[in-house]
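This report concerns only the one structure given below.
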Amino acid sequence: MEAIVYLNGRFLSEEEAVVPVTTRGFFGGDGVYEVTRTFRHKLFRLDDHLTRLCRSLAYIRLDCGLTRDEIKAATEETLARNLARLDDGGDFALWHVITRGEHAGGRAAPPVVAMFCVDMDFDRYAEAYLEGLRLVTPGVRRTPPQSIDPKGKVTSRMNQVQAALEVGRVDPGAVPLLLDTNGNIAETNTGNFFFLSEGRLHTSKGRNVLAGVTRSVVLELAEDLGIDIVEGDFTAYDVYNADEAFVSGTSPSIVPVCRLNGAAIGDSGNLPGPDTLRLMQAFSEAAGVDYVAQAMASLGGNRSRDLAERWDQRNRESGRAESSGS
Ligand SMILES: Cc1ncc(COP(=O)(O)O)c(C=O)c1O
């Protein structure tokens, strides 16, 4: 079955859903976007994503011509029209992309409003749930709010692209952890960053990072689990001395980190660390699916079975540790 795309009020095939090359969204990074994932084929935290989308639109002073309720209805219909493409174990990342319609040369045109569903890229994180991500701090700094406010989800991603290019040269496969212009940890190119030290969960203040939907979920779950939260200014020094670290984002949910700039964080040979694991389990419960097992199953073959067995074992160990009160 072919993918169906929402484009300016119409549901079209991917081939039909085209925008003019003269549009500012194509050459100016003049737009906003959202990515909302499904769990068991249902959109997770859609209202939070729509709130951020509307805030991003207000930030760039763009009236897309639809109310929030109309965007929501079109979102649900976009998903419904694509659901038949999913098998039982599959899920989607549903994208909203809204750009200023104006054309090159200043010719007026209505905004472009697009929504589409892509298959979740489960294999990107399946191994990292047990082995952890390697993070490297690039020289390029997170765009400061004085330039482009990082809280908004805008389509101009050159800041993140530069960070990824730089880190990819140093350590292919590593993920950039950007610092802000004061040298404090901000976030990765695609996720918010957390670390645990002395049982407390630390994360960057909201000022220099995307207002991550998963970040808010993590903070809610930590509160429910009785884990103290510290939002502040932290440097690599604090992370080198941390017990655990992880990244949050819509695609990976929560994924552990093993190293920063080559330095192992905590017991990096036995990931996820205990508090990260508790948060991952709580996240799966909130989402209604063991998202780690789902990603591992998508790999297929022996690799899938090995990872799933290790994941089960890690969960069993944590259950034993809890029941023995340690
Ligand atoms: C720069 C950046 N930070 C954080 C996030 C995580 O945000 P969310 O949890 O809403 O996906 C993303 C997601 O794309 C991102 O691009």
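The values are calculated or read from the model by the stated rules, or taken from the named source; none is laboratory data. Nothing here was measured: the structure is a model prediction, and the numbers come from that model. As a convention, Cβ positions derive from the backbone with ideal geometry for all residues, glycine included, and neighbour counts pool all protein chains shown.
Overview of values
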{"item": "Failed criterion for Arg124 (all others in (1) surrounded by fewer than 20 Cβ atoms within 10 Å (Cβ to Cβ); (2) within 22 Å of the chain's Cα centre (by Cα); (3) at pLDDT 95 or above hold)", "result": "(3)"}
{"item": "Hits in region 59-79 - residues which are among the aliphatic types (A, V, I, L, M) and touching a helix residue (DSSP H, G or I) at 6+ places or on another chain (Cβ under 8 Å)", "result": "Leu66, Ile71"}
{"item": "Some residue of region 161-176 being over 17 Å from the mean Cα position of the chain (by Cα), buried (at least 20 other Cβ atoms within 10 Å of the Cβ) and assigned by TED's automatic domain parsing to the domain that holds Pro256", "result": "yes"}
{"item": "Qualifying position, being acidic (Asp, Glu), without any contact (Cβ under 8 Å) to a residue 24 or more places away in the chain, more than 14 Å from the ligand (Cβ to nearest atom) and in the same structural domain as Phe283 (by TED's automatic domain parsing), among Glu223, Glu198", "result": "Glu223"}
{"item": "Residue match in region 143-155 (condition: away from the ligand (no atom under 12 Å from the Cβ) and either surrounded by 20 or more Cβ atoms within 10 Å (Cβ to Cβ) or among the hydroxyl-bearing types (Ser, Thr, Tyr) (or both))", "result": "yes"}
{"item": "Residue match in region 270-292 (condition: among the hydroxyl-bearing types (Ser, Thr, Tyr), surrounded by fewer than 19 Cβ atoms within 10 Å (Cβ to Cβ) and out of contact with any helix residue (DSSP H, G or I) (no Cβ under 8 Å at 6 or more places or on another chain))", "result": "no"}
{"item": "Filter result for Arg259 (of a type in the set (Lys, Arg) and away from the ligand (no atom under 16 Å from the Cβ))", "result": "yes"}
{"item": "Residue in region 221-266 that is farthest from Arg200 (Cα to Cα), counting only those that are surrounded by fewer than 17 Cβ atoms within 10 Å (Cβ to Cβ) and among the β-branched types (Val, Ile, Thr)", "result": "Thr235"}
{"item": "Selection status of Arg310, among the basic types (Lys, Arg), more than 28 Å from Leu46 (Cα to Cα) and surrounded by 13 or more Cβ atoms within 10 Å (Cβ to Cβ)", "result": "yes"}
{"item": "Filtered residue count, region 99-114, keeping only those that are farther than 13 Å from Gly28 by Cα and either acidic (Asp, Glu) or under 24 Å from the mean Cα position of the chain (by Cα) (or both)", "result": "3"}
{"item": "Selection status of Ser268, out of contact with any strand residue (DSSP E or B) (no Cβ under 9 Å at 6 or more places or on another chain) and in contact (Cβ under 8 Å) with a residue 60 or more places away in the chain", "result": "no"}
{"item": "Some residue of region 104-112 being assigned by TED's automatic domain parsing to the domain that holds Arg37 and at pLDDT 95 or above", "result": "yes"}
{"item": "Within region 1-85, helices (runs of 4 or more DSSP H) holding 2 or more residues that are surrounded by fewer than 16 Cβ atoms within 10 Å (Cβ to Cβ)", "result": "46-59, 68-82"}
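A quick yes/no check of all residues on (1) of a type outside the set (S, T, N, Q); (2) over 30 Å from Arg107 (Cβ atoms); (3) out of contact with any helix residue (DSSP H, G or I) (no Cβ under 6 Å at 6 or more places or on another chain):
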site: Leu12; (1), (2), (3): yes, no, yes
site: Ala17; (1), (2), (3): yes, no, yes
site: Thr22; (1), (2), (3): no, no, no
site: Gly28; (1), (2), (3): yes, no, yes
site: Gly31; (1), (2), (3): yes, no, no
site: Thr38; (1), (2), (3): no, yes, yes
site: Asp48; (1), (2), (3): yes, yes, no
site: Cys54; (1), (2), (3): yes, no, no
site: Leu57; (1), (2), (3): yes, no, yes
